[in-house]
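This report concerns only the one structure given below.
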Amino acid sequence: MMGLGYPCVMLAALTPHIWFFAAATAVTYAADWYLHHRGSYLINRLGKVRAGLSIRFLLRQLMVILLLARMDLAESPLFYGAVACFLLFYGLQAPHGALATLIRLRRTMPVVTRNVDLHAVRIPDAPPGALMRRSAEKMLHLDIPAVVGVLIAAGTGEDVIGYAGIGLTLLLALLYLALLLPYGRRSRLAPPAPVVLKAVDSWLREYQPTVVLYFSGSNESAYQGNMWLETMSRVEGRPLIIMRERGLVPQLAETSVPVICVPAGTHLMNLDLSTVRVCLYPANVGKNIHILRVPTMKHVFIGHGDSDKLASVNPYSKVYDEVWTAGRAGRDRYALADVGVRDEDIVEVGRPQLEPIKSWTGAVKNPIPTVLYAPTWEGWDDNPGNTSLLLAGENIVRRLLKAADPVRIIYKPHPFTGIRSAKAKAVDARIRAMLEKAAAERASEPRWAKEASSAAAGQSAAKAEIARIEARLAQLAATGRSGGDDAEESRLSLADPVREAETARLRTEWNDAYWRSFGWWEHRTVTGAQPRLYDCFNESDAMVSDISSVVSDFIASGKPYAVTDSAALGAEEFKRQNTAVRAAVILSNGAEELNGLLAAVADPAADTLADARRELKTYLLGPDEPTSMERFNAAVRALAAKAEARNAAVTQRIGEQAVAVPDAEAATSGAGTGDPQAAAEADATADPDVLEADAAEDEARAALTEGSPAVH
């Protein structure tokens with residue numbers, strides 16, 4: 001419509017045909033609004049080829065002038081009024097754009113925080129969102145009264161209507177500018193960056209964080225940080241979450257842990273993190289270097305899943321002091337890969353996130369089994385082994401739908417599905433359509449129609465409960481006014497134990513109501529943050545997936561599972577290369593082997609892989625005792641003791657250098673800079689503080705390894 005609309009406007013102006021012109025103009029307005037509303041990529045592309053928003057509006061106004069000239073109105077007062085209006089209107093765009101940009105820039109603080117008390121700085125309320133959101137688009141659309149008025153006047157000869165439209169456009173533009181003006185005053189802007197950073201440093205010195213979760217990534221990667229929030233809230237010490245991308249902060253799940261988002265590397269490197277002893281990294285990204293450079297803390301790669309993917313043995317992991325894996329399998333994986341990660345630097349801590357996963361009782365939860373299909377995404381290359389979606393996805397779903405005994409399918413695609421491969425995106429869409437069609441067909445069958453009739457009242461009650469819970473969650477999440485910006489939210493988003501407890505309770509109730517809101521026989525596609533993947537595990541009786549951490553996590557349930565050999569390696573070679581599939585039903589791309597999985601679910605006697613799953617669970621995820629959280633905290637204590645020992649050694653070394661240098665000023669200068677190489681070679685054994693730190697480290701290591709013979 002956008003592509004056709006503008007040529008039609010020009011054609012109508014040249015003809016001239018005023019009503020055709022009016023219709024084509026309306027189409028261009030509607031198309032422009034729709035594309036902006038949807039955030040279409042086309043808007044960005046048009047800007048790249050010099051057909052941006054302002055140019056499109058200017059072109060449309062020039063066509064109005066051309067239309068008037070072609071209608072022999074070039075000498076009329078209406079013509080000159082329209083020209084003057086559009087010139088004045090565009091003259092107002094500059095101060096409006098400058099003011100809106102100034103407000104945005106000066107309202108942008110160098111950090112975005114959650115649960116951090118910044119009372120030391122005054123952060124005023126943000127301008128109303130209605131004024132700032134898509135402000136350039138709103139300002140330009142104020143030309144509509146003038147365009148409509150001029151067209152009506154040209155068509156009817158009633159010039160007064162045109163003058164009224166012109167006056168209204170200019171009045172609205174001046175009013176918009178006047179409404180923004182007060183928010184450009186110094187008192188309404190955020191404090192300067194140095195003031196905010198000083199306040200953050202003051203808070204850090206008061207809070208004295210000891211353990212940091214450092215997270216950076218794309219907008220689609222928020223789940224990688226969210227999976228560690230619960231663990232961070234239970235970690236020993238004083239936890240802190242450091243993020244790097246502003247766009248990820250709104251996607252962060254509810255947490256009581258303090259959060260500081262620092263987009264600029266220079267600001268991060270100047271933060272006072274002197275009390276931090278352990279820094280945890282869930283992802284290997286380039287921005288990790290900005291904090292890896294800090295020698296007073298120990299750095300640990302914890303990942304965002306434990307799987308047989310190549311990403312789980314990334315050579316980049318050599319930069320960390322330690323790599324924490326779930327179980328012995330992770331250690332062996334690095335040994336086989338031989339990428340430079342030393343065995344003594346690997347610590348097995350289990351997977352604290354898996355506590356919500358319920359163990360299988362051996363019986364199907366509902367009258368018919370539920371099979372979860374959770375394929376991973378297509379990856380950054382075209383390796384056919386990345387995902388089953390491309391070659392096997394539709395076959396898997398089709399065979400499950402046509403199974404001899406009915407099953408219910410829950411389809412949960414990876415959040416990254418389709419971001420690189422258009423083919424993967426298309427397959428995902430077809431699978432969703434297949435399930436939607438199958439659900440509609442099943443609803444029309446007498447057996448399921450009877451079930452639906454008897455469950456209708458309960459489902460309606462569950463949906464009403466969901467609406468009530470979501471409304472209350474929205475109230476709890478709205479810490480500030482509607483439309484508040486990052487600066488205002490940083491001022492207001494403080495931890496509230498009562499609110500957090502109620503939020504946790506409501507989310508549990510929401511999850512229970514969600515699964516009751518539709519029938520246990522209804523196929524379902526699950527996307528988004530809720531319900532969580534682990535909730536889908538608990539609802540299902542078996543799973544089909546790919547080589548990813550999803551498989552390792554599902555093994556914690558003890559339920560039967562199948563993994564697709566998409567690269568057609570053959571069952572034996574597939575098991576040899578991928579630890580997590582050694583207790584799985586191996587599927588070819590045709591998915592003919594699915595009957596074996598369904599038989600294991602239906603009859604425990606046919607489940608020949610049950611013992612293998614139990615053994616594999618210990619190998620992949622570690623022992624049940626001590627608990628994973630206990631082992632995780634023991635690992636934190638041990639590494640913190642290491643950091644203390646290192647720092648004490650540096651202090652001793654610098655002290656020895658100060659004694660050796662007769663010039664006190666030179667000694668002071670040396671203490672300020674410190675020679676990292678010399679400090680690393682310092683002998684700490686003579687310092688009682690160092691001996692005490694070593695003893696603490698040995699004690700923590702003993703606690704970590706107690707009861708876990710697999711830990712090296």
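The values are calculated or read from the model by the stated rules, or taken from the named source; none is laboratory data. Please read these numbers as outputs of a predicted model, since none were measured by experiment. No Cβ is skipped: glycine too gets one built from the backbone with ideal geometry, and neighbour counts run over all protein chains shown.
Regarding the stretch 376-390, can at least one residue be identified that is within 30 Å of Leu229 (Cβ to Cβ), assigned to a loop (DSSP other than H, G, I, E, B), in contact with a His (Cβ under 7 Å, 6 or more places away or on another chain) and assigned by TED's automatic domain parsing to the domain that holds Leu594? Yes, that holds for at least one residue. Within the stretch 220-241, if we keep just the residues that are part of a helix (DSSP H, G or I) and of a type in the set (A, V, I, L, M, F, W, C), the residue that is farthest from the chain's Cα centre (by Cα) turns out to be Met232.
Has the stretch 482-498 got at least one residue that is of a type in the set (A, V, I, L, M) and either within 30 Å of Leu389 (Cβ to Cβ) or modelled with pLDDT of 90 or more (or both)?
no
Considering every residue within the stretch 286-306, establish whether at least one is at pLDDT below 90 and assigned to a helix (DSSP H, G or I). Yes, the conditions are met somewhere in the stretch 286-306. Only residues that are buried (at least 17 other Cβ atoms within 10 Å of the Cβ) and part of a helix (DSSP H, G or I) were counted across the stretch 611-629, and they come to 8. Within the stretch 579-610, restricting attention to residues that are buried (at least 16 other Cβ atoms within 10 Å of the Cβ) and among the hydroxyl-bearing types (Ser, Thr, Tyr), the residue that is farthest from Lys402 (Cα to Cα) is Thr579.
Name the residues in the stretch 252-292 that are free of Cβ contacts under 8 Å to residues at least 60 places away in the same chain and touching a helix residue (DSSP H, G or I) at 6+ places or on another chain (Cβ under 7 Å), would you? Those that are free of Cβ contacts under 8 Å to residues at least 60 places away in the same chain and touching a helix residue (DSSP H, G or I) at 6+ places or on another chain (Cβ under 7 Å): Gly265, Leu268, Met269, Asn284, His290, Leu292.
Yes/no per residue for (1) in a helix (DSSP H, G or I); (2) surrounded by fewer than 17 Cβ atoms within 10 Å (Cβ to Cβ); (3) touching a helix residue (DSSP H, G or I) at 6+ places or on another chain (Cβ under 7 Å); (4) without any contact (Cβ under 8 Å) to a residue 40 or more places away in the chain:
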residue: Leu87; (1), (2), (3), (4): yes, yes, no, yes
residue: Leu102; (1), (2), (3), (4): yes, yes, yes, no
residue: His119; (1), (2), (3), (4): no, yes, no, yes
residue: Pro127; (1), (2), (3), (4): no, no, yes, no
residue: Met139; (1), (2), (3), (4): yes, no, yes, no
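Would you check if Thr527 is surrounded by fewer than 18 Cβ atoms within 10 Å (Cβ to Cβ) and assigned to a loop (DSSP other than H, G, I, E, B)? So Thr527 fits the description; yes. Restricting attention to the stretch 379-388 and to residues that are of a type outside the set (Phe, Trp, Tyr) and either surrounded by fewer than 18 Cβ atoms within 10 Å (Cβ to Cβ) or out of contact with any Phe, Trp or Tyr (no Cβ under 8 Å at 6 or more places or on another chain) (or both), the residue that is modelled with the highest pLDDT turns out to be Ser388. If you go through the stretch 273-293 and keep only what is more than 17 Å from the chain's Cα centre (by Cα), of a type in the set (A, V, I, L, M) and surrounded by 17 or more Cβ atoms within 10 Å (Cβ to Cβ), you end up with Leu273, Val276, Val278, Leu280, Ile291. The residues of the stretch 57-72 that are buried (at least 20 other Cβ atoms within 10 Å of the Cβ) and of a type outside the set (Val, Ile, Thr), listed by number, are Phe57, Arg60, Gln61, Met63, Leu67, Leu68.
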